[in-house]
Structures are given as C-alpha cells and as structure tokens.
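Trainee: First, the structure itself, so that you have it in front of you.
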Amino acid sequence: MLQIYEMILMPWIILGVVTFIILLKIPAPYGKFSNTSWGPMIPSKLGWFVMEIISPVAFAYFFLTGLEEKSWITWVFFICWMGHYSNRSIIYPMRQKNPAKMPLSIAVFALLFNIINGFINGYFLGSMEPYLIDYATNWNFILGIILFAVGMVINMQSDTILLKLRSENKGYQIPRGGLFKYISYPNYFGEILEWTAFALMTWSWAGLSFMIWTMANLVPRAIKGHQWYHQQFDDYPKERKAIFPFFF
C-alpha cells in the first residue's frame with residue numbers, strides 16, 4: 001500500500017495544477033454553467049450526496065484501518081474532515097430548495113476524485129504519521145485549527161445566504177450579506193481557507209495536495225462566475241473581488 005501511495009501522491013499534485021489550467025479555459029458544467037452536452041442529467045441533491053459521501057467513507061476507512069497509533073491530535077484532523085463532509089454530503093443537499101440538475105459525468109468525476117483524495121489523506125494520517133502530543137504546541141497546528149473553524153463558518157454562512165435566494169425561486173439574484181460585501185464567492189473562499197488550514201495543521205504533502213486541488217477547482221470557477229455576474233447585472237457591485245477579499 002505504501003508503494004501505491006508514493007506512486008500516486010506527486011502525480012496527483014501535478015494533475016491538480018494541470019486541472020487548474022484547464023478549468024481556467026473550460027468551466028465545470030454545473031450550477032450556472034450547467035449544460036446537457038456533458039451527458040445525462042441527474043437531480044442535484046442525489047448528485048451532491050453520492051459524490052460527496054464517498055469522501056468521509058474513504059477517508060475514515062483508510063484512517064481507521066491504519067496501523068499507526070492515533071493520538072488526540074490525529075483525531076482532531078479526523079473530526080475536521082468528517083465535520084466538513086457531514087455538512088457537504090448530507091446537510092447541504094437536504095437544505096437545497098428548487099435545485100438544478102447536474103451532469104452525471106460531473107458526479108462521477110467528483111466521486112473518483114473523492115476516493116483518491118480520501119485515500120491520500122486517510123492513509124497518511126492513519127498509517128504514516130503519529131503526531132505526538134507535543135505537536136499540539138506547534139504554531140501551525142494552533143493557527144490551522146483557528147483558520148479551519150473560521151473557514152467552515154464562512155462557508156456555511158455563505159451557503160445559507162445563497163440557499164435562501166434560491167428558495168425564493170426568482171432566478172439568479174445578486175447575493176448580499178456576510179462576505180458577499182467584499183467577494184462574489186465567499187462560500188468558495190471559506191472552503192479554500194478550510195483546506196489551506198488543514199494543510200497547515202497537518203504540515204503534510206497529503207494536506208497540501210488537497211489544498212491545491214481545492215484551489216484548482218474553485219478559483220477558476222470563481223473567476224468565471226464573477227465575470228458572469230457582471231455580464232448579467234448592470235448594478236453588480238464593482239468593488240467586489242472574485243474570491244479573495246481586497247485582492248482578487
């Protein structure tokens with residue numbers, strides 16, 4: 001298993017960078033950019049559940065079956081992962097009202113990504129790194145926990161604002177409130193902050209790989225979506241940035 005892990009890790013990181021470049025040109029076809037040219041469509045709620053639930057399942061399997069002794073530090077990482085994906089795979093789909101459909105192909109691609117990503121991070125934390133108790137005093141661990149919590153709050157608050165707009169069934173509107181005052185995609189910003197924090201607190205190539213993939217998926221999408229908002233709404237706030245407050 002270790003040999004498989006080592007064979008996958010670096011090419012996986014490189015593939016994440018390549019994916020970033022591709023998505024700058026071709027936005028993934030779901031949400032605002034959904035279209036039928038990518039094959040059969042499925043209900044968004046079903047797609048979200050199926051493609052996201054595999055991540056905590058894969059991560060938990062490789063984490064729990066790993067032979068490395070788990071300290072309470074390692075269990076903090078486990079709780080962070082499971083907390084995020086409990087929201088993403090179960091709570092978020094259940095909160096959707098009037099959801100659009102998504103291509104089955106996108107759900108399949110996301111499913112495969114989450115299996116590999118769950119393996120890379122679950123196996124690392126369960127079998128490769130003990131994280132002894134004194135690690136709790138490391139600056140990166142402390143800062144990482146704080147940033148992860150902040151990112152998750154931002155992500156969920158922003159989702160709440162968007163879900164409320166969609167429940168009104170009035171088509172796309174300009175979202176307002178929270179960090180929407182500063183950026184078009186605070187939900188993406190929150191998620192990027194979470195997995196940047198995870199990479200920081202684990203101080204690992206595994207965590208870094210997830211951070212890279214998160215940015216590869218969400219930053220190009222935020223750029224395209226920001227441009228879309230400006231094209232659709234003449235009164236769209238010109239001071240808003242795309243995804244990083246005051247910067248970009």
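Trainee: Anything in the stretch 199-248 that is of a type outside the set (A, V, I, L, M, F, W, C) and part of a loop (DSSP other than H, G, I, E, B)? List them, or say none.
Mentor: Residues of the stretch 199-248 of a type outside the set (A, V, I, L, M, F, W, C): 202, 204, 207, 209, 214, 217, 220-221, 224-227, 229-232, 234-241, 245.
If the condition is that a residue be of a type outside the set (A, V, I, L, M, F, W, C) and part of a loop (DSSP other than H, G, I, E, B), then S204, D234, D235, Y236, P237, K238, E239, R240, P245 are the ones that fit.
Trainee: Please find, within the stretch 1-30, the residue that is modelled with the lowest pLDDT out of those that are surrounded by fewer than 16 Cβ atoms within 10 Å (Cβ to Cβ) and closer than 15 Å to A222 by Cα.
Mentor: I26
Trainee: Looking for whichever is of a type in the set (A, V, I, L, M) and touching a Pro at 6+ places or on another chain (Cβ under 6 Å) here; the options are M94, M82. Which one fits?
Mentor: On the way: M94 fails: touching a Pro at 6+ places or on another chain (Cβ under 6 Å).
Answer to the selection: M82.
Trainee: Restricting the first residue to the stretch 158-172 and requiring it to be more than 16 Å from N87 (Cβ to Cβ), which pairs with a second residue that is of a type outside the set (G, A, S) and not in a helix (DSSP H, G or I) meet a Cβ separation below 7 Å and a spacing of at least six or different chains?
Mentor: L165/Q173; L165/P175; R166/K97; R166/N98; S167/K97; S167/N98; N169/N98
The values are calculated or read from the model by the stated rules, or taken from the named source; none is laboratory data. Note that the coordinates shown come from a computational prediction; the quantities given were computed from them, not determined experimentally. A quick note on method: Cβ atoms are made from the backbone with ideal geometry, for glycine too, and the neighbour counts reach across all protein chains shown.
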